[in-house]
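Enquirer: Please find one structure pasted underneath; my questions will follow.
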Amino acid sequence: MTDTPAETATLHSQYGDRDDPWRHLRPRSPAPPVPHLNTDEAVIRAEAEFDQLSSHLNSKAEESTQEFSKRPSSTTLAQDRRDLEKADRSDRFDLRDYLTSSNDKNQKAGIKHKNVGVVWEDLEVEALGGDDSKFYIGTLATSTLYFFIGPFFTLYMFITGLLGLKKPPKTKTILNKSSGVLKPGEMCLVLGCPGAGCTTFLRTIANRREGYEQVNGNVLYAGINAEEMQKYYKGEVVYNQEDDTHIPTLTVSQTLRFALATKTPGPNGRLPGISREDFDREIQDTFLRMLNISHTKNTLVGDEFVRGVSGGERKRVSIAEMMATRARVQCWDNSTRGLDASTALDFVRSLRIMTDVLGQTTFITLYQASESIYELFDKVLVLDKGHQVFYGPPSEARAYFEGLGYKSLPRQTTPDYLTGCTDINERQFAPDIGARKAQQQRR
């Protein structure tokens, strides 16, 4: 259908004034009279105006395309956001280089690190309770009765204790006799199923004996017994529990600053010219960069009721707080819980570097450790229901259990295999175990 001259003129007036920014201020003039044109002239004029309008719109579209191409795309924005969350990897923190240079400066200044090895012999732990022990929970009636007869009952127990008539409480052995030695600069991996006694072993090595009825055996720290170590050098042996317990209303920076303030060395333990504030600030920034939590510096630590950092970041705060103690003997109880595989590997590598450079003695218990993590240790200790079933180099552990007849499952890492050998529901025996034992007896 052919446009009339009046429609063509109206179309031209609409698009011709679009680029005029002052058109709404100018008075509108009456439309000029439309000259009378025949059909052929009107068609030619409409085609010319259409070509002009098309060229104008194409130029505007090209300008918009160029401006849009200059903007960052959604993929670029997402990549920048991921890089911001993961921190700048171009300036990756080198812990070994930092510790080596810092250790060299300390040695030149006459500051030496203490080396403390651990020796445990016939270590045995007993706790209250037994197979037939019972614990009664008081009710309102029994509590009211005890309120009146409680003083007399307490006096009776005191007299029977003086006369030697009091029966000893029933105990249960949760860690049987265990012996071993770990030299300074070595790391020990403690493996076992839940309930095997891994936490009890670490707490006993860390000299945290509260809650146990009796601890037998002997534990020496560089020749110093446990009683003297507890009295004079308690800060040199530390234990990091599995649960992350912090003051939730403190920020990450405040938490680390308090931990560093309690262990800041005196003037003879710092480099010349370094104040306490500068020392704490440098160590804090080092921990934040090493654990990649610099972005949480001013964020609350939080807990189950106070919103704060994430679970993995809270675990890294616990790791940084533990490292701030600068203890010679460190016991880590499943400290990779809540961390992904890559972060867990970086954490154990950091412990490996600190143990090598600073000469620390490190005990770690891990669940579902990877093969890369397993290869970083010097010794491995396998526990089964409180019994020490293996202690030695990690390279010999698998061959030892395979020699006993335990079958290795497909796609099973060495830590999983060692832990599975202590699980009655998971372990499997080789089919020729009977023939192998008969052959060994013949020899």
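The values are calculated or read from the model by the stated rules, or taken from the named source; none is laboratory data. This structure is a prediction, so every number in the text was calculated from the model and none was measured. Because the Cβ atoms are built from the backbone with ideal geometry, glycine has one as well, and the counts that use them run over all protein chains shown. With ligands, DNA and RNA removed, areas are computed over all heavy atoms of the protein, side chains included. Shrake-Rupley method; radii C 1.70, N 1.55, O 1.52, S 1.80 Å.
Enquirer: Let me confirm something: among N218, N207, which residue is touching a Leu at 6+ places or on another chain (Cβ under 9 Å), open to solvent by less than 90 Å² (accessible area, probe 1.4 Å), within 30 Å of L376 (Cα to Cα) and touching a residue at least 12 places away in the same chain (Cβ under 8 Å)?
Expert: Numbers: N207 fails: touching a Leu at 6+ places or on another chain (Cβ under 9 Å).
Checking each option against the conditions leaves just N218.
Enquirer: Now a separate question. Being among the polar types (S, T, N, Q), on the phi < 0 side of the Ramachandran plot and exposed (fewer than 13 other Cβ atoms within 10 Å of the Cβ): is that true of T262 here?
Expert: On the way: among the polar types (S, T, N, Q): yes; on the phi < 0 side of the Ramachandran plot: yes; exposed (fewer than 13 other Cβ atoms within 10 Å of the Cβ): yes.
The answer is yes for T262.
Enquirer: Here's a follow-up. Hey, D423 hits all of (1) open to solvent by 40 Å² or more (accessible area, probe 1.4 Å); (2) over 23 Å from V125 (Cα atoms); (3) under 27 Å from the mean Cα position of the chain (by Cα) but one; which does it fall short on?
Expert: Of everything listed in (1) open to solvent by 40 Å² or more (accessible area, probe 1.4 Å); (2) over 23 Å from V125 (Cα atoms); (3) under 27 Å from the mean Cα position of the chain (by Cα), D423 misses just condition (2).
Enquirer: For segment 222-240, what are the residues that are touching a residue at least 12 places away in the same chain (Cβ under 8 Å), surrounded by fewer than 17 Cβ atoms within 10 Å (Cβ to Cβ) and either closer than 26 Å to V309 by Cβ or of a type in the set (D, E, K, R) (or both)?
Expert: Of the residues in segment 222-240, the ones touching a residue at least 12 places away in the same chain (Cβ under 8 Å) are 222, 226, 229-230, 233-240.
If we keep only those that are surrounded by fewer than 17 Cβ atoms within 10 Å (Cβ to Cβ) too, we end up with 230, 234-235.
Within segment 222-240, just K234 meets the criteria.
Enquirer: Still on this structure, I have one more. What are the pairs, 6+ residues apart or on separate chains, where a residue within segment 246-263 that is more than 15 Å from D278 (Cα to Cα) and assigned to a loop (DSSP other than H, G, I, E, B) has its Cβ under 6 Å from a residue that is among the small types (G, A, S) and open to solvent by less than 10 Å² (accessible area, probe 1.4 Å)?
Expert: Listed pairs, sorted by first residue: P248/G302.
Enquirer: For segment 171-191, state whether one or more residues are exposed (fewer than 12 other Cβ atoms within 10 Å of the Cβ) and at negative phi. So that I can check it myself, show each step before the final result.
Expert: Step one: filter segment 171-191 for residues exposed (fewer than 12 other Cβ atoms within 10 Å of the Cβ), giving none.
Looking through segment 171-191, none of the residues is exposed (fewer than 12 other Cβ atoms within 10 Å of the Cβ) and at negative phi.
Enquirer: So, in segment 410-420, how many residues would count as being surrounded by 12 or more Cβ atoms within 10 Å (Cβ to Cβ) and out of contact with any strand residue (DSSP E or B) (no Cβ under 7 Å at 6 or more places or on another chain)?
Expert: Residues flagged as surrounded by 12 or more Cβ atoms within 10 Å (Cβ to Cβ) and out of contact with any strand residue (DSSP E or B) (no Cβ under 7 Å at 6 or more places or on another chain) within segment 410-420 amount to 6.
Enquirer: Next question, about the same structure. Which numbered condition trips up S310, out of (1) more than 27 Å from P265 (Cα to Cα); (2) touching a residue at least 24 places away in the same chain (Cβ under 8 Å); (3) of a type in the set (S, T, Y)?
Expert: Of the numbered conditions (1) more than 27 Å from P265 (Cα to Cα); (2) touching a residue at least 24 places away in the same chain (Cβ under 8 Å); (3) of a type in the set (S, T, Y), the odd one out for S310 is (2).
Enquirer: So which residues in segment 120-130 are part of a strand (DSSP E or B) and open to solvent by less than 60 Å² (accessible area, probe 1.4 Å)?
Expert: Correct list: W120, L123, E124, V125, E126, A127.
Enquirer: Going through G386, G405, G392, G338 one at a time, which residue ends up being touching a residue at least 12 places away in the same chain (Cβ under 8 Å) and open to solvent by 30 Å² or more (accessible area, probe 1.4 Å)?
Expert: G338
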